[in-house]
1. Have a look at the DSSP beta bridges in the chain and tell me what percent are antiparallel, nearest 5.
2. Based on a Kirkwood Rh over C-alpha pairs, give the Stokes-Einstein translational diffusion coefficient of region 326-485 at 37 °C and viscosity 0.692 mPa s in µm²/s.
3. What's the angle, to the nearest 10 degrees (0 to 90), between helix 337-356's Cα axis and the longest principal axis of the chain?
4. Compute, for the chain, the length of the dipole vector about the Cα centre, with Cβ point charges of +1 (Lys, Arg) and -1 (Asp, Glu) only. Units Debye, rounded to 20.
5. Tabulate in residue order the Karplus-calculated ³J(HN,Hα) for region 165-170, using 6.51 cos²θ - 1.76 cosθ + 1.60 with θ = phi - 60°, rounded to whole Hz; enter x for Gly and Pro.
6. What are the extents of the Cα atoms of region 221-261 along their three principal axes, listed from largest to smallest and rounded to whole Å?
7. Choose one of 165, 139, 277: the residue whose Cα lies farthest towards the positive end of the charge dipole of the chain (beta-carbon charges +1 Lys, Arg; -1 Asp, Glu; about the Cα centre).
8. Report the paramagnetic label zone for residue 484: residues of region 395-436 whose backbone N is under 11 Å from a point 7 Å from Cα along the Cα-to-Cβ axis.
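The values are calculated or read from the model by the stated rules, or taken from the named source; none is laboratory data. Note that the structure is predicted; figures quoted are calculated from it, not measured. Note: ideal-geometry Cβ built from the backbone for every residue, glycine included; neighbour counts use all protein chains shown. Areas reflect the complete protein model, heavy atoms only, side chains present, ligands, DNA and RNA absent. Shrake-Rupley method; radii C 1.70, N 1.55, O 1.52, S 1.80 Å.
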Amino acid sequence: MMATVARYRFGEIDYLDSDATWHTLLTIECYDETPISQHLFLPIVSMGGEDDKWIGWGATIPDSEGNYYYTSFSPAGYFLPWLCMKIFRLPVAEKSLYLFNNGLFCLSAIIFVLLLWEVYRENRYRNLLVIIGVISYVFAPELLHGMGIVYWNQSIMQVTLLLQIYAYYRYAVNKNEKARLFFYVTAFINPYIEWTGYVANVGFAIAEIIVNYKDSKIRGLKKAIILGLITVLSFAAFCGHYLLRTDTATFFMALKNRFMARNVTTSVLLTDVIGGYLKSFLYLWVVLLALTIWAFIKKGNVEIRNGILLFVSSFPVLENIIMKEHALSYTYDRMKGAFVLILILCEIVRNILETYNTKKSAVIIVGVFIASAWLNITSYMNNPAYIWEVDYRNSNSQVAEYVVTKYPDAIYASDTAIRGYMNLLFGRGIYEWQSFDSATEIASQKEKQTVVFINKDGYKLQQVYVKDISSGMITEISIQDGMITEVLME
């Protein structure tokens, strides 16, 4: 709760990876504006008006009705927050998505507590290990950001992947057969939700072979094959959903292109991705180094138990290497690294506590983790690379409301990329990467008499130009000190 309240900021701000939040909000809005029978809860980015159809939007593909769909991530990441907003009657807004994302954050923290409680259930220091584990988790900078003001499919994966790890530990290590079915359910769900699920399932399949190697190699292989089949079925469900509305060849070509744009063959340096992890968890690395040295001073080594748990927790991180461009561009993709990092920290702390076995050492360790949590949250809140102040959001809203009210029946276009924020700001589809001439041609084809040409710098509106096609006259609309002015240019 403290972490949730402390990082709550809205108003005249922008933030790292805000395009993910706006993209989600756009799709949620489009869900409401277009009949479900058309979009089938696919990640639609076309708004509901007749003039909003057949407007391209980044790397999307159309259906026969002119609705465009995003193919890189599954519908689950949009449907669940939409459902939450419907159930609780929340508006389609950043604050609503923030509340949903914080709910996921709390849920993931609870599951992490359950996992640690299970792992150390026979250890005399269980309570302390659980406390330092959850403190480290909820105050990690990347989670403060990626499960707060920024939302994307990885927020859901932070819950469901942890559920899969927890179920697997109970089933494979603690021999709880009831957990096996739940594990298989999550093994189906996670690849559908996000790419990490495919990589995670490979790790779990390898773990099955390792766990069963001594008793029965054949049994381990059979279990690995079952996981492989479940993963294939998950991919089939993902593709089948899209193919209900889109062309087969177009869909698979888009899927291939998005994978090639993000994968290991890109020019992104692996050292940059690793450096990103240092920023994502910040002072936890300092604690890891300090405690490792402390443990070595007394014992000369660190005993790491629960090797299979550490293996299945670390294997999903390989997705950040396979899709390294995405891991560098969108830092929330690194949140899953928290699981293995904190599990290792807990193991090192266990070593120290069992070696020294004194109340003083326990007090020092708690103090260290509280200090690192404080440093992490203050660093996050004061770091302008995460959230920074701007001076244009209110003025943008004024201009957009003025233009849309005065020119409701016009073609809207821009010479730059258009993403969720601009669509929601103007409440309509906007043709991207257009010139004034090409936008005029589109208007003529659509039998429109007006072109609204949006000039912007990132999210900040510059001038908006309005062209009357019949007269050729162009009006420049701008705002200064809260006052909107129109200047006739020709």
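1. Antiparallel: roughly 85 percent of the beta bridges in the chain.
2. 162 µm²/s
3. Value to nearest ten degrees: 30.
4. 3280 debye
5. Karplus-based 3J(HN,Hα) across region 165-170 equals 4, 4, 5, 5, 4, 5 Hz.
6. 36, 25, 11
7. 165
8. Residues passing the 11 Å test: 396-408.
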